[in-house]
Structure formats: structure tokens, C-alpha cells
1. Greater than 24 Å separation of Cα atoms is the criterion. Which listed pairs, 162/183; 20/224; 83/224; 122/162; 45/191; 10/229, meet it?
2. Would you please give the residues with an amide H less than 5 Å from that of residue 60, counting only those at least 5 places away or on a separate chain, with H modeled from the backbone geometry?
3. Net charge within 13 Å of residue 342 by Cβ-Cβ distance, Lys/Arg positive one each and Asp/Glu negative one each, not counting residue 342 itself?
4. Percent antiparallel among DSSP beta bridges with both residues in the chain, to the nearest 5?
5. With an 8 Å Cα cut-off and a minimum separation of 6 or more residues, compute the relative contact order for region 9-92 in percent.
6. Within a 10 angstrom radius of the beta carbon, how do 96, 71 rank from fewest other beta carbons to most?
7. Can you grab the distance from the C-alpha centre of region 223-291 to the C-alpha centre of region 159-174, Å, no decimals?
8. What percent do you get for the relative contact order of region 203-250 when only Cα pairs under 8 Å and 6+ apart count?
Amino acid sequence: MEIRIEGLCKHYVSEGKTVKALDHVDLTIPANEIFTLLGPSGCGKTTLLRCIVGLETPDDGEISIGGEVMWSRAKGIAIPPEKRGLGMVFQTYAIWPHMSVFDNIAYPLQIKGERREVIREKVARTLRFVQLEGVEKRSATKLSGGQQQRVALARALVAEPKVILFDEPLSNLDAKLREETRKELRSFMSKLNITAVYVTHDRVEALALSDTIAVMRAGHIVEKGSPQKIYFNADHRFVADFIGRANQIEAIVQGNEHGLTIVQTGMGLIHCQARDLAVGSKATLCIRPEFIRVTSKDRDEGQNIIQGKIEALEFVGEVYEADIRIGQERLLARIDPDVDMAQGEEVSISLNPAHCLLLSA
Ligand code: ATP
């Protein structure tokens, strides 16, 4: 089901100061997608999620789910959380320690007053879905962190919600388990025809899990798009910077040639992906470290080949990270571990114009 949010505002007053947690947010979350709200701590992700669920009352605006208005100031509508037909998975597993796995999952059906046979059948089906058959009699707290989070997912799914909302569900798991659980979650969700809204500040999680990412900052949606669009082709500097490490270099637009935009920088003239920017205007050239090709000095020839010097080289596991000095600029590049390079070495750098992204300064 599609979620529509129009003109949503929410403020808090804390220690005498007013914080605009949501500042006129307009957003459409398409049906049956994994839609992620991504942004730094305090940008308003959780507040937006809690407003959708109904755990928080907005100041103004409107929220509809599947065409039905759930909350509207103007229309005086406020459907309570339990009547919105949503499931929610929290950061803390929020499972009840004194209950078995079965009882934890059955709880939402019990409070709806479902018959015992129906409960048994639905819980069994959901346990099969999250691959937890055989542990239903165990105390939920005797399971591993990953399994506990699957219990929480099962409890959110058992009542067949129209929409499921996740608030940083993996943040309490250690790095390896987080990766495994993330893959599992993606696989579970791809089998369901359900809209999922996922809140995280972890960019890798957002890139790996989402169909669409909306990047938030200070109560606003800055930009939304597919993970690839957000990573390779962001429209905003803040987004390009937040989603992954990027070299950002001041540039002045010189003109357009053969479908590319040419800019002057401290590294010389650089050919970039075409952007509609006025000649003479200031721009920011954004290049991700993984798209900088580093070879021995004078090895390469052609467009965007520049000479530089390795100022620092650090081995970080799967690659070397190199700081390369080019004129007045310093670029961070990633070099394959089998390439033989040393600190102080003069090198050639090649920048594929397709990965030279120009953003308005
Ligand atoms: P995080 O990733 O740290 O959870 P977030 O993006 O989810 O951050 P929110 O929790 O939505 O951000 O908070 C948005 C802003 O509103 C922050 O400045 C926060 O301090 C403030 N805020 C949130 N809840 C309250 C509250 N109950 N009382 C006062 N201020 C609040």
C-alpha cells in the first residue's frame, strides 16, 4: 500500500529550545517497496516513522495509507495506532522475556481475540517463514540476537499488516551478524507483497536493502532515489557526502564538449558527466575514491589523465588507501593490494568522466 505524507510538521521543546523534528515533509512511499529513511542522528527519521505508526502526534499535515487518511489536522482525523494495520520492528527486540517464542509471536493475534486454532495456524506459518520452526517452546531470551530479531519480525508479520516499519532493527547486532541478518531480511521481504519503511543511519545497510532511499537532514527530505542514483548520481553535495566517501573539489564550469561538461580545477581541466550548469559558474566536482585509477607515472594517455604523487599510503585490508597530491589538490584513492606502489612515488591518475559528478556549489 502506498503511503502519502503531506506537509507534515512536528516540533519538540527541549530545555526551553524548539526543535523542528519534521519541517513540512512531503513524501510518497510507493506500495510494496523497501523504502529507507536515511540520515544523520537527529534528522527526524524516527519521528517520521513514529508519526506514520501513530505513536507520535504531528502538529500539522496529513498521512494516508492505501488511500485512507490516518491522521489529518485539517480534517480532524486521528486513527489510533492499533487500527492502522501496521507492524513494527524496533531496535531493541522488544520481546517479552517471560514468554516463549510461540507466545511472543501469538500476542498480536491474542489481543485481537482470534480463535486458538487460527492463532496456532498463523504462528506456525510465520515461524516457517522466518525459519524458526522447532524453537517455539523455548524462552525467547534463550535465542541468539539474530534469532530474537527474527522473533520480533515474526511478531510484526503475524497479523498480516499492510505496512511494516523498521526502526534501526539491526543496530544491536555485532558486525558479522548484522550483515547476515540484513541479507536474510532482504530475502524475507522480497517474498512478501508488503510496503516496508526502514529507518537507519547506516549507509551500507540502506544501499544493500532498499528499493528507494530518502536522505533526510534537519527535518527535511533532501533527495530520494534508487541506491544507485543516490550513490552515483546524487543531486546534492550533502547526499553525495553522506552516502559514501567522496573527494569534493572546487571547480569553475568552462563549457560543454562532446556530451561532457568541462571544468577548471586545481588539478587542471577535467571532463565530467554532462550537467546543465552555466559557463563561469562555480561547481563541486565529486569523485569517489574507488573510481580513481592509479598507474605508474606517464603510463596512461588521454582524457582526464593527470600526474600526481603518493603522499601517504595505508593498507586497510582489501585495498590500499592513498592520499595523492595533484597541484593544489589532494585526492583519496583506493589502490588494489597487488599493485606495487610506494609512498613518495610519482603516479598517473585517470578519472573516467562518467564518474566525475558535478554538483552545484
Ligand atoms: P537517531 O538516528 O539519533 O535516532 P533521528 O534521525 O531518528 O535520530 P529523531 O529521533 O526523529 O531523529 O529526532 C529529531 C529531533 O527531535 C532531534 O533533534 C531530537 O533531539 C528531537 N526529539 C526527538 N524526540 C524528542 C522528544 N521526545 N523530546 C524532545 N526532543 C525530541
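Coordinate-derived values only; no laboratory data. If you're wondering where the values come from, they're calculated on a predicted model, not measured in any experiment. All Cβ positions, even for glycine, are placed from backbone atoms using ideal geometry, and neighbour counts span all protein chains on display.
1. Violating the 24 Å limit, Cα to Cα: 83/224; 45/191; 10/229.
2. 9
3. On the way: positive: 297, 309; negative: 311, 314, 340, 345, 346.
For residues surrounding residue 342, the net value is -3.
4. Details: 70 of 88 bridges.
The antiparallel proportion sits near 80 percent.
5. Values: 83 pairs, mean separation 17.6, N = 84.
Taking the mean separation of contacting Cα pairs over the length of region 9-92, I get 21 percent.
6. Working: 96 15, 71 23.
Result, fewest neighbours first: 96, 71.
7. Centre-to-centre (Cα) distance: 35 Å.
8. Working: 51 pairs, mean separation 13.6, N = 48.
With pairs under 8 Å counted, the relative contact order is 28 percent.
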